[in-house]
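Notes follow the structure.
The values are calculated or read from the model by the stated rules, or taken from the named source; none is laboratory data. Predicted model, so just to flag it, every value in this text is computed and none were measured. Here the Cβ positions follow ideal geometry from the backbone for every residue, glycine too, while neighbour counts run over all protein chains shown. Surface areas here come from the heavy atoms of the whole protein model, side chains and all, with no ligands, DNA or RNA. Shrake-Rupley method; radii C 1.70, N 1.55, O 1.52, S 1.80 Å.
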Amino acid sequence: MKLGVSSYCFRSLMTSGEMDLIAVLDWVAASPAGHIEVAAMDGEYYLENPDVVNATAKHAENIGVPIVNYLVSGDLRSADAKEIDRLRRQLDVAHRFGARIFRHDVAPWSWREQDPGEFETTFAQVVEGCRAVADHAAELGITSTIENHGFFMNGSDRLARLVHAVDRPNFRVTLDLGNGLCVGEVPGKTAAGLIDLAASIGVKDFHIRRSAGDGWLKTLAGDYLLGTISGHGDVDLPGLLALVNTKPDVPVSLEFEGLESTPDAISRSLNNILRLAGAA
């Protein structure tokens, strides 16, 4: 297993200024992780600071921690030319980082269509937007991906349909093993349905309850989720990781989003993933 870590795990420390991306790279170099994915998400910081990108890429090369994936937000519900251009410029950032995989959203995280007609109309626009982004990615030698993320483009059937409709050899999936729960899909179905389309894989764990207090995410199935250290939650990680191990060339990255203290929780998660996967 090619196990790495997402910079998203360090978001609280990066937001507070305790760590920057260079410090995260150094932490990863001293950990069991072998690579990093850079999560820009809703920010334009790396787009607006090319010197930081260049310095980070050089440091990553010097310490032997490759940047494998670059993750950004995106909204292609109308295939807006301005948004497509922004994503193309973010692809250029991914290229400067040295990333060979690029992941973008196609809608805001919380958005969900109101009826089947709205889904079909939106889906057609998303297909056109993803094609435009993937075509620029191909020029850079990058695989463009969509993650099963949020409430609209989530669930294995929807993502598989999108990949088929976009019909570009470099358009694939960043498969998050836990996110299908948000739309009521059990992780085993998500993984089985998307593993053959995955260019990268994200690992996380959740506590899952039928009722919960403040701070838990309510899913479309009426369950409640709370992120936690991998191996401490209710997701069947041993079973999922056994499937992941059938794709040894696909990079796998931890995405910790729990309330536990970092970076200790990140270390525990990495060690648990390796142990559960039989790779420790």
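Annotations for the structure displayed:
- Counted charge near Asn49, where neighbours are those whose Cβ lies closer than 14 Å (Asp, Glu -1; Lys, Arg +1): -3
- Cα convex hull of the range 174-250, projected area averaged across orientations, nm²: 4.9 nm²
- Between Lys82 and Leu259, the FRET efficiency estimated from the beta carbon spacing at R0 = 41 angstrom works out to 0.65.
- Candidate lysines for bridging to Lys58, where Cα separation is under 30 Å - those fewer than 8 sequence places away on the same chain excluded: Lys2, Lys204, Lys247
- Counting Lys and Arg as +1 and Asp and Glu as -1 over every other residue whose Cβ lies under 14 Å from the Cβ of Pro116, the net charge comes to -2.
- For the range 42-122: relative contact order, % (alpha-carbon pairs under 8 angstrom, 6 or more apart): 36 percent
- Cα-derived Rg to Rh of the chain, Kirkwood definition: 0.94
- Between Arg168 and Arg275, the FRET efficiency estimated from the beta carbon spacing at R0 = 30 angstrom works out to 0.20.
- Rounded to the nearest 500, the helix-only mean residue ellipticity at 222 nm of the chain stands at -12500 deg cm²/dmol, with each DSSP H run of n ≥ 4 adding -39,500 (n - 2.57).
- Order of exposure, largest accessible area first, which applies to Asp80, Asp105 with probe 1.4 Å: Asp80, Asp105
- Solvent-accessible area per residue in the chain equals 42 Å², computed with a 1.4 angstrom probe and all protein chains kept.
- Seen from Leu241, the other residues with C-beta closer than 13 Å to its C-beta sum to a net charge of +2, counting Lys and Arg as +1 and Asp and Glu as -1.
- When the solvent-accessible area of the chain is split by element, carbon and sulfur atoms take up 50 percent of it, the probe being 1.4 Å.
- Dipole-positive endmost among His232, Gly215, Val244 within the range 120-247 (Cβ charges, Cα centre): His232
- A Cα-only calculation for the range 1-103 places Rg and Dmax at 13.7, 44 Å.
- Long-range HN-HN contacts of Ala107 with modeled amide H, under 5 Å: Gly74, Leu76
- Using every pair of separate Cα atoms, the Kirkwood estimate puts the hydrodynamic radius of the range 41-94 at 12.3 angstrom.
- Expressed in Å, the radius of gyration and Dmax of the Cα atoms of the range 87-184 are 13.3, 41.
- For the range 133-280, the normalised intensity computed at q = 0.20 Å⁻¹ comes to -1.23 (log10 of I(q)/I(0), Debye sum over alpha carbons, equal scatterers, no solvent).
- Once C-alpha pairs closer than 8 Å and six or more residues apart are averaged by separation and normalised to the residue number of the chain, the relative contact order reads 17 percent.
- Alpha-carbon centroids, the range 168-189 and the range 83-130: separation in whole Å: 15 Å
- Amide H partners (placed H, <5 Å) of Gly178, local residues excluded: Lys204
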